[in-house]
Amino acid sequence: MSSESLWLREAPSARWPDASSDRCELLVIGAGLAGCSAALHAQARGVDVLVVERDGPGRGASGRNAGFVLAAHVFEYPDIRARIGADGARDLMTLSRRNHARLKERFAAAADHAPSGAAMLSMEGDAEEARVLSEAADLLAQDGVRCHFTAPHPALRGFASQLVLPGDAQLHPARLVRAMSAEIRRGVRGRVDALEDGVARVGAAEIAFERALICTNAHAAELVPALSGVVTPQRAQMLATAPVAPTLEMPMYANWGYDYFRQRADGAVLVGGRRHLFRDDEATDSLAPSDAVQAALEAYLEAHLPFAAGAPITDRWAGTMGFSPDELPLLGPAPGLPDHVHVLAGFTGHGLGLATALAELAVDLLTGAASADDARMARLFDPAR
């Protein structure tokens, strides 16, 4: 079964030259959304930055996700807010809004950005899910996020309530990262095997650096052993159908956020999730779709999106998410490594909603350019927490 995503098939990664011995002020490891955002921000600050990517830009989770730009982890929001407090939650929303603004300002056209809004659905018969969704709506409204309840879309089946966030959006994730990577002045291909005494060993090449930022998300523990078991890989699988009649205008999350779907402008329907039914098997960094999850996705499509039932399946793929224990990313000094090496990882499936803003914040912290407010907000994500 092919593991190439629909997105990467449509927007293949650029081919960067192989790494050779070099030097730079800032070394960024990983050219997904976070790494590319960090590099562009550093360039704009006049920093000499070099990006090393072991495959092609965006070929990891950044080119394999559903393309949802969401304001918040809605189903988890009451728990997150209880842990970090009202002020922390408002800081999180400030960064989320900043993130979306950055994407729209520079890459809306290139990434097929559509300000569609998004919907969160509770399942029929799950009163607790509906209660949590209602609680999340109240808290999000308190924290400045527009949202309102409507009846579920009539073309769907099996859902009880629908919370709409009008400020959310959808885009083409591979085109986004490809557009970003095209603006990076210095990018090379290679696997960083070790960071020692201000030198990155990339195969036979050695790259000397003053500061480094590790943006490898699910794979962060390969260079930061202290994060083993802290940032963990989780496979997410999706499928896409041939185009059907336009029906859904906005992307949707359901079933406590485990399932998600959208319909593209060309009519193709994308469905992802079902990971919770196969937890042990999906705790992996394998990019190979599994028969079991793919069959579950097809059954979900038939049961809940009947307008697309019977449509041929054109694409099946998987991506690796990096999960953190408390569902917030890690940003700051890499535990167990020198102070000039920082890490940005553990987006827990919501990188499009925060990665660009947090990458800019990470660069500013690492280079000493962060404002007092930004430094305060960064403490939410301290890896030492």
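For first residues located in the range 68-83 and within 22 Å of Ala169 (Cα to Cα) and in contact (Cβ under 8 Å) with a residue 60 or more places away in the chain, partners that are assigned to a helix (DSSP H, G or I) and among the hydroxyl-bearing types (Ser, Thr, Tyr) and lie 6+ apart or on another chain with Cβ distances below 7 Å form the pairs Ala71/Ser96; Ala72/Ser96. Selection of the range 197-235 for residues being touching a strand residue (DSSP E or B) at 6+ places or on another chain (Cβ under 8 Å), small (Gly, Ala, Ser) and either within 30 Å of Leu121 (Cβ to Cβ) or assigned to a loop (DSSP other than H, G, I, E, B) (or both) yields Gly198, Gly203, Ala218. The number of residues in the range 180-204 being surrounded by fewer than 18 Cβ atoms within 10 Å (Cβ to Cβ) and touching a residue at least 40 places away in the same chain (Cβ under 8 Å) comes to 7. How do the pairs read when you match residues in the range 356-378 that are within 25 Å of Ala108 (Cα to Cα) with residues anywhere that are buried (at least 18 other Cβ atoms within 10 Å of the Cβ) and among the hydroxyl-bearing types (Ser, Thr, Tyr), using Cβ under 7 Å and keeping only pairs 6 or more apart or on different chains? As it stands, the answer is Thr356/Ser37; Ala359/Ser37; Glu360/Ser37, since those pairs meet every condition given. Confirm whether Arg316 is at positive phi and either of a type in the set (D, E, K, R) or in contact (Cβ under 8 Å) with a residue 12 or more places away in the chain (or both). No. Across the range 21-50, the number of residues qualifying as of a type outside the set (Gly, Ala, Ser), surrounded by fewer than 17 Cβ atoms within 10 Å (Cβ to Cβ) and not in a loop (DSSP other than H, G, I, E, B) comes to 2. Has the range 90-107 got at least one residue that is within 30 Å of Ala151 (Cα to Cα), open to solvent by 50 Å² or more (accessible area, probe 1.4 Å) and among the hydrophobic types (A, V, I, L, M, F, W, C)? No, that holds for no residue. Close Cβ contacts (under 8 Å, 6 or more residues apart or on different chains) running from residues in the range 7-34 that are on the phi > 0 side of the Ramachandran plot and in contact (Cβ under 8 Å) with a residue 40 or more places away in the chain to residues that are of a type outside the set (Val, Ile, Thr) and part of a loop (DSSP other than H, G, I, E, B) comprise Gly30/Gly60; Gly30/Cys215.
Selection within the range 236-265: residues that are assigned to a loop (DSSP other than H, G, I, E, B) and among the charged types (D, E, K, R). The member of this set that is farthest from the chain's Cα centre (by Cα) is Glu249.
The values are calculated or read from the model by the stated rules, or taken from the named source; none is laboratory data. All values derive from a computational prediction rather than experimental measurement. Backbone-built Cβ (ideal geometry, glycine too); neighbour counts: all protein chains shown. Ligands, DNA and RNA are stripped out before the accessible areas are found, and what is left, the full protein with its side chains, is counted by its heavy atoms. Shrake-Rupley method; radii C 1.70, N 1.55, O 1.52, S 1.80 Å.
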